[in-house]
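The values are calculated or read from the model by the stated rules, or taken from the named source; none is laboratory data. A quick note: this is a predicted structure, and the numbers were derived from the prediction, not measured. Glycine gets a Cβ as well: all are built from the backbone with ideal geometry, and neighbour counts include every protein chain shown. With ligands, DNA and RNA removed, areas are computed over all heavy atoms of the protein, side chains included. Shrake-Rupley method; radii C 1.70, N 1.55, O 1.52, S 1.80 Å.
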Amino acid sequence: MNTTNSEAAGNTQISYTVTFPEAQAHYADIEMNISGLKQNVLDLKMPVWTPGSYLVREFSKNVESFSAEASGKPLDYKKTRKNIWQIQTINVSAIKIKYRVYAFELSVRTSYIDVNHAFLSNSGIFMYPADMLHHPSTIHIIPYKGWAKVSTSLEMVNGDPFTVYSPDYDILFDSPIEVGNQDVFGFDVGGVKYEVAMCGGGNYDKERLSKDIPKIVEHEVAIYGENPNKHYVFIVHNTSKGGGGLEHLSSTVLGAARDSYNTDKGYQGFLSLVAHEHFHLWNVKRLRPIALGPFDYDNENYTTDLWIAEGFTAYYQDIIVRRTNLYPPDNYLGVLAADINYVANQPGNKVQTLAEASYDAWVKYYRPNENSVNTNISYYNKGSIMALMFDLEIINDTKGKYSLDDVMKYMYDTYYKTQKRGYTDLEFKQGLEKFSGENLDEFYKKYIYGLDDIDYDKYLGYAGYHLNDEFAGNNDPNLGVITTTKDGKITVSNVLRGTAAWIDGINVNDEITAVDNNKVTDMATVLNGKKPGDRITVSVVRDGLPLNLPVTLLKKTQVKYKIDSLANPTPQQLVVRKKWLSL
């Protein structure tokens, strides 16, 4: 009788040993030992994506030198899919698998190894037996020479930081591991131990961070009423440029510019990143769309609700830094205006709905091209604006009694804690309606499933603010291209939909050489003295050949909003403002 993986999983023991004999060449060597097997065939799988980053990344492409043996004798195997190795295990109860992983993509979502440290994003490191996702495993790390520390949210075994335990593969794939000589400091918040592991150096101030990060943590815990962790880890990769973050169940990985901590913009940006990724330990890791768990690690996991999972988190990242007085109200209003300007000026805002942006993240948001600006909208930025609108609506309608915070806590308590499942589109909408006291059918039709213009002044008006467009009344012409300059050559990188360049045929990758026979050295001044309706000749080099393009200039349609207070806000507006901005 053939026994399947699932039937044989009960008494199976799984362990891994990770070594770095060629760290300088960016390799991890993995030895996987499995005992208690009873099946004739064992399928080993490597995930194709990592939760929180909605792109099939094909981690198996980095695997090489795969082998399997039992009692010192090699076992037959074959690949049956891009990420599946099938091993013949007839009359075999214990096997040893070895393979190597190349890791040289430095990001918050991919593994990276060099002689200084190893960052293991585990969905791209550890194979797992099919049908055994719920099985525990032990991971033993043998560090490269000179490495002395391990930072991870996985629990140590017998107090050994280099041996950790995972209760199942969902936890393992959601618990990155940093190995090296990272600068580690920490603090406690409400009995929860927090660890910050700084990698790559930087001009950060540990004392300042140890005071400010807890303020963010405490505020977020207060929203949900509990911290479900006992131990939480911030792994921070400080590089020359930095950028990005990826949430995990009990940890996060942040990318920061190592020399940016001593500027207001850099430091406040880092605190917003901290607030964003830490907020995710509730919103999306536990309070989640129903499609995002249990995960299918072989395929895309589609949802139309990333505008909630990511967009609402993007809203909270900035409003929380404001509420904790880590930057003043004017800074927050400036950040909010930048979000509004981004959405309003993105041509794709008129093409892709928020629900579509969420669902198509796998093929559009994470795979941008030169035309994405014309076809896509970010569910981060526009989702954040939806959260703003709901927050102000609820605060206004309840005269400050409730806010979006109450919706988030209600949804967390109802679906994560009580029903122990994700929410549907309808259920989240009903949660919003419960606290707003309004039917949101029309709102969803306009803004979630539709492309209607947002009435910003209506919602900002609840708090006594309005938008002021600094470009209003201008009659400036606009060509409609985004360019890059390298080695003195000005090259078109994007052509914006509906602009003069779009209509009259300027292409991406055109090198702009002249306008009206005048050599172009600075795109900022190329239209000086021109007005909408003027006909100009744009000289370009396309595929190595010179070309003259007649172009009729159009009026600049971009906006540049700032948020100003109404001259005489009403008492009700001041109540909303105080509640919203924690004044």
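Distance between the pseudo-spin-label points of LYS193 and GLU22 (7 Å out from Cα toward the beta carbon): 3.7 nm.
Once the Cβ-Cβ distance of ASN548 and SER71 is raised to the sixth power relative to R0 = 56 Å, the FRET efficiency obtained is 0.15. Taking label points 7 Å from Cα along the Cα-to-Cβ direction, LYS486 and THR263 give a separation of 2.3 nm. When the helices of the chain are scored as -39500 (n - 2.57) per DSSP H run of n ≥ 4 and the total is divided over every residue, the value at 222 nm lands at -7500 deg cm²/dmol. Extension gain, VAL363-THR138: 0.36 nm per intervening residue step, less the Cα-Cα distance, totals 77.5 nm. Note on segment 16-30 and segment 255-309: Cα centroid distance 29 Å, given to the nearest whole angstrom.
For a test of the definition: using alpha carbon positions, the gyration tensor, and the 1.5 limit on a/c, classify segment 304-460 as rounded, prolate or oblate. It is oblate, given that a/c is not under 1.5 and a/b is not larger than b/c. Across the cross-link table entries LYS350/LYS458; LYS350/LYS399; LYS285/LYS409; LYS215/LYS578; LYS61/LYS98, which are compared at the Cα atoms, the separations over 23 Å belong to LYS350/LYS399.
Surface composition of segment 138-280: carbon and sulfur atoms hold 50% of the protein heavy-atom accessible area at a 1.4 Å probe.
Ligands, DNA and RNA left out, the 1.4 Å accessible surface of segment 516-575 is 51% carbon and sulfur atoms.
Distance from the Cα centroid of segment 164-201 to that of segment 514-568 is 50 Å (rounded to whole angstrom). One chain, two ends: ASP298 and ILE503. Fully extended at 0.36 nm per residue, the span grows by 69.5 nm beyond their Cα-Cα distance.
For a modelled paramagnetic label at VAL541, 7 Å from Cα along Cα-to-Cβ, the residues of segment 487-519 in reach, with backbone nitrogen under 17 Å, are 487-493, 507-515, 517-519. Note on LYS98/GLU370: beta-carbon distance plugged into 1/(1 + (r/R0)^6) with R0 of 41 Å gives a FRET efficiency of 0.45. Taking the DSSP beta bridges with both ends in segment 220-360, the antiparallel portion is around 25 percent.
Separation of segment 388-432 from segment 227-253 is 26 Å, based on Cα centroids.
One chain, two ends: ARG81 and ASP406. Fully extended at 0.36 nm per residue, the span grows by 112.4 nm beyond their Cα-Cα distance. For segment 62-141, the set of chymotrypsin sites (Phe, Trp or Tyr not before Pro) satisfying both a DSSP loop assignment and a count of at most 12 other C-beta atoms within 10 Å is empty. Taking the simple approach of a point 7 Å from Cα along Cα-to-Cβ for both ASN439 and HIS466, what is their distance in nm? Each label point lies 7 Å from its Cα, and together they span 3.1 nm. Annotation: HIS231 carries an accessible surface of approximately 40 Å², with a 1.4 Å probe and no ligand, DNA or RNA atoms counted.
Each residue of segment 291-301 is assigned a 3J(HN,Hα), and the resulting list reads 6, 9, x, x, 7, 9, 7, 9, 9, 4, 10 Hz, derived from the Karplus form 6.51 cos²θ - 1.76 cosθ + 1.60 (θ = phi - 60°), x at Gly and Pro.
Here r is the Cβ-Cβ distance between ALA148 and ASN345 and R0 is 51 Å; the resulting FRET efficiency, rounded to 0.05, is 0.55. Relative contact order for the chain: 10 percent, from Cα pairs under 8 Å spaced at least 6 residues apart, divided by residue count.
Computed with a 1.4 Å probe over protein heavy atoms only, the accessible surface of segment 327-397 comes to 32 Å² per residue.
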